[in-house]
1. Leaving out ligands, DNA and RNA but keeping every protein chain, what accessible area does residue 282 have, in Å² rounded to the nearest 10, with a 1.4 Å probe?
2. Over the chain, what is the relative contact order in percent, taking alpha-carbon pairs closer than 8 angstrom and at least six residues apart?
3. Once you have a ≥ b ≥ c as the square roots of the Cα gyration tensor eigenvalues for the chain, tell me rounded if a/c is under 1.5, and otherwise prolate or oblate according to whether a/b is larger than b/c.
4. Please say if the stretch 26-137 is rounded, prolate or oblate, where rounded means a/c under 1.5 for a ≥ b ≥ c the square roots of the C-alpha gyration tensor eigenvalues, and otherwise the choice is prolate for a/b larger than b/c and oblate otherwise?
5. How much length, in nm to one decimal, is gained on full extension between residue 153 and residue 253, taken as 0.36 nm per residue of separation minus their Cα-Cα distance?
6. Go through the stretch 271-277 residue by residue and turn each phi into a ³J(HN,Hα) via Karplus (6.51, -1.76, 1.60, θ = phi - 60°); whole Hz please, and just put x for glycine and proline.
7. Which of the listed residues, 217, 271, 199, is farthest toward the dipole's positive end in the stretch 185-292, when Lys, Arg count +1 and Asp, Glu count -1 at the beta-carbon?
8. Shape of the stretch 63-212 from its Cα gyration tensor (a ≥ b ≥ c, root eigenvalues): rounded if a/c is under 1.5, otherwise prolate when a/b > b/c, or oblate?
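The values are calculated or read from the model by the stated rules, or taken from the named source; none is laboratory data. All figures in this text were calculated on a predicted structure; none of them were measured in a lab. Positions of Cβ are generated from backbone atoms using ideal geometry, with glycine treated the same way; all protein chains shown enter the neighbour counts. Just so you know, the surface numbers come from the protein's heavy atoms only, side chains and all, with ligands and any DNA or RNA stripped out. Shrake-Rupley method; radii C 1.70, N 1.55, O 1.52, S 1.80 Å.
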Amino acid sequence: MRLVHLTDPHLSDLEGLRVSDLLNKRWTGYVSWQRNRRRKHLPAVLERLSVAVKAEAADQVLLTGDLVQIGLAREIEQAAQWLGELGPAEKVMLVPGNHDFYARGSAENAHCAWQEYLFHGVDSGENAFPSVRKLAGMTLIGLSSACVTPVFMASGKLGAGQLDKLAGLLQQAASEHQAVCLLIHHPPLPGMTKWRKALADADALQAVLKDYPPSLIFHGHLHHNREQQWGNTRIYCTASASSVCDASYRVIDIEDAVGFRTFTMTLKSVAIETGGDLSFATIDEQSWQVQK
């Protein structure tokens, strides 16, 4: 089985907006895009990464949010078109990020435009999370940490409902001898980022995960390549998929054998070839085994 993780493409542009588009906290996001993000997140980089990801022929592409900048309807439609180009919904699993649900109305628009990628046939809406996909020997679980926050905040929250459902799903996967891969936008554990960007109920999530630890956790939000081992769980953050500095994606190959599984993680990051063309080169590779 092959999985590919990418995150935080921030693919939309904000040219030609009206003042009325920038109500609520959207004006701060617009200023950030004008001053900073539009130079760091380049469509040409994302285009090359998308081509590279499709060439990996993954069983599932795992996308952990922040497709857009400030959650406008036109951005969400632009992202829906990109999703269709990346792959069919049955091959691409998406969880939302804080920029996707940036302001009032963003979540409803994203649920409608991206529903097959978020929910894959399940009734859409906030209560549809956690989302679940089952592969041979592997259960994929998607959490939504995205929520509207005050100005200058980028925190996330799961809520008691998601956490209760997650506990049941982890227990079920363990009873079926399934490995678990968890997707979430925000860093999942306490202390992994600054308080204004953190998951508000990270302590509660950690308590749930202790009983049935997943094999893999993928997240985004931090825009750089990070990894952490928590017990037998490997936690990976991948750099922004459109970053001019370090756009990256991860390939996870999983092989089943009698009594154990072998995992191989390959991290590929943007490189500039002679002549200025962009490619993606392997910068890290890890392999480990886990007993069933």
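1. Answer for residue 282: close to 80 Å² accessible.
2. 20
3. Working: a/c = 1.69, a/b = 1.24, b/c = 1.36.
In terms of gyration-tensor shape, oblate.
4. Working: a/c = 2.35, a/b = 1.24, b/c = 1.90.
It comes out oblate by the Cα gyration axes.
5. Once the chain is fully extended between residue 153 and residue 253, it gains 32.4 nm.
6. 9, 9, 7, 4, x, x, 5
7. It is 199, whose Cα lies furthest towards the positive end.
8. Working: a/c = 2.06, a/b = 1.17, b/c = 1.75.
In terms of gyration-tensor shape, oblate.
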